Amino acid sequence: MTELLSFLQTICEKPHWESEWIDLLSQLEYVGCRKILKGVPFERMDLNLLQHVSEEASHAYLLKKAAGPEIAERSWREGKFADLGWNYFRCLDEQTSRLPEEKQDCYPIVSWAIERRVMEVYPAYLKITRNEELRRALAAILEQEKRHGAQFEGWNLPTEVKDRAILIERGLWREFVEGLKARVDPAPLS
Ligand SMILES: [Fe+2]
Ligand SMILES: [Fe+2]
């Protein structure tokens, strides 16, 4: 957490980098939304899942909008952190999807691991940022994320699978934050 806090403090002092970070959060919300759409078969889609998909899409929208007009028009491919975000999500998806025996648990386990991380990162970021539009967006998003987290807690995923997913996510998150920090503050060439 300390690593993340020092990264957040650094980017909140540099509006250009903070916009890149907000755009990255938007990208991750979008990829999370797409994961639900790809991971849930047509016949299993229900009202709850549709609500979850629509809320994740709205999180991506609110964050992209809060990233500022220049970035809002830009493709995520041009994001300065985009590749790090892809890598984190892709590895998490691949590695945690191997854990459950039941195929239908693959989408919940990835989402559960991410929702836990979101509930750590967004409140910490909300305390630090001075970007007003973003503060409003984050407060609205957090209300919905709390409900998503509670839904997954009630999903009855096996404890052993959850413990292993936490370890995987923690390792990938550490690498992700190190990558973000190195990009904002590269080590001087010797
Ligand atoms: Fe979200
Ligand atoms: Fe969520």
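What the table below lists for this structure:
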| read-out | value |
| --- | --- |
| Signed unit charges on C-beta, dipole axis of the chain, positive-most listed residue GLN151, VAL31, PRO69 | PRO69 |
| Protection-proxy order for peptides 152-161, 88-97, each taking the mean of Cβ atoms within 10 Å per residue, highest first | 88-97, 152-161 |
| Mean separation of Cα contacts under 8 Å (6+ apart) over length of region 2-183, as relative contact order % | 29 percent |
| For the chain, calculated [θ]222 nm from helices alone, where every DSSP H run of n ≥ 4 adds -39500 (n - 2.57) | -26500 deg cm²/dmol |
| Most mobile listed residue (ASP105, ASP23, ASP163) in the chain, GNM with C-alpha springs under 10 Å | ASP163 |
| Residue order, fewest to most beta carbons within 10 Å, for GLU3, GLU56 | GLU3, GLU56 |
| Distance (nanometres) between label positions extended 7 Å along Cα→Cβ at ASN87 and THR159 | 3.5 nm |
| Shape call, region 125-166: gyration tensor on alpha carbons, a/c limit 1.5 | oblate |
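Quick note: the coordinates plus some simple rules give every number you see, no bench work behind them. Keep in mind the model is a prediction, meaning the values are calculated, not measured. Positions of Cβ are generated from backbone atoms using ideal geometry, with glycine treated the same way; all protein chains shown enter the neighbour counts.
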